[in-house]
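Note sheet for the following structure.
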Amino acid sequence: LAGWLNVIGLDILTAIKLTQTFGFIGVALALYGWTRRHFSKPGAWLAAIAYTFASFHMVNVYTRGDSLSEFYAFVFYPLILWSLEATFERRAARSILALALSFGGLFVAHNLSAFIFSVCVIPLYIVIRAAYALAARSTHSHLFSSLIACAAGLVLGLALSAWVWMPFTFEKDYAQLGEQ
């Protein structure tokens with residue numbers, strides 16, 4: 001985004017500042033959208049503000065300064081959880097596509113964060129949603145179709161972002177990764 005803003009005529013420093021500003025706005029709106037389903041409007045805004053101005057974000061943006069892609073990964077975490085919920089509940093093509101785009105977007109933004117989130121958070125959240133569905137006396141066929149819809153969205157997201165994560169995964173022997 002900063003590169004594109006620079007190409008259209010902004011100086012690089014202004015482009016980076018705007019990119020960071022868009023990141024803060026995206027983080028706030030994404031978390032508000034997800035938490036609005038669970039809290040009142042003031043509660044959702046409070047959660048969004050706390051998430052947006054968390055110390056980690058401030059260090060990423062204002063101290064480290066080199067981790068813009070990692071900062072943008074935080075936009076996708078609530079979007080993925082929000083779209084997982086929507087897919088679990090409705091199993092609609094729109095929800096599956098939202099899940100695919102948000103999951104693929106996480107890989108494009110910061111593939112290392114995507115690998116960590118994929119292994120640690122997504123399976124746990126799916127188990128929690130499945131347990132919630134069973135507690136609400138959902139039928140097994142409804143639960144199974146919800147799990148299939150979530151898997152379809154995640155697989156589609158992996159396919160859409162394969163151009164980013166496949167080289168990182170399968171061609172690392174051809175890159176210099178000693179510092180990492």
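Pairs linking a residue in region 26-55 that is without any contact (Cβ under 8 Å) to a residue 12 or more places away in the chain to a residue that is in a helix (DSSP H, G or I) and open to solvent by less than 70 Å² (accessible area, probe 1.4 Å), with Cβ atoms under 8 Å and 6 or more positions apart or on different chains, are R36/A44; H38/A44; F39/A47; G43/T35. Exactly one residue among L13, L5 is over 21 Å from Y125 (Cβ atoms) and touching a Leu at 6+ places or on another chain (Cβ under 9 Å), and that residue is L5. Taking region 160-178 as the range and being at pLDDT 90 or above and either basic (K, R) or open to solvent by less than 70 Å² (accessible area, probe 1.4 Å) (or both) as the test, the residues that pass are S161, A162.
Residues in region 157-180 that are among the hydroxyl-bearing types (S, T, Y) and in a helix (DSSP H, G or I): T169, Y174. Among the residues of region 86-103, is any under 16 Å from F24 (Cα atoms) and either among the basic types (K, R) or touching a helix residue (DSSP H, G or I) at 6+ places or on another chain (Cβ under 6 Å) (or both)? No, there is no match, as no residue in region 86-103 is under 16 Å from F24 (Cα atoms) and either among the basic types (K, R) or touching a helix residue (DSSP H, G or I) at 6+ places or on another chain (Cβ under 6 Å) (or both).
The values are calculated or read from the model by the stated rules, or taken from the named source; none is laboratory data. No experiment lies behind these values; they were computed from the predicted model shown. Quick reminder, even Gly has a Cβ in these numbers, built from the backbone with ideal geometry, and neighbours come from all protein chains shown. With ligands, DNA and RNA removed, areas are computed over all heavy atoms of the protein, side chains included. Shrake-Rupley method; radii C 1.70, N 1.55, O 1.52, S 1.80 Å.
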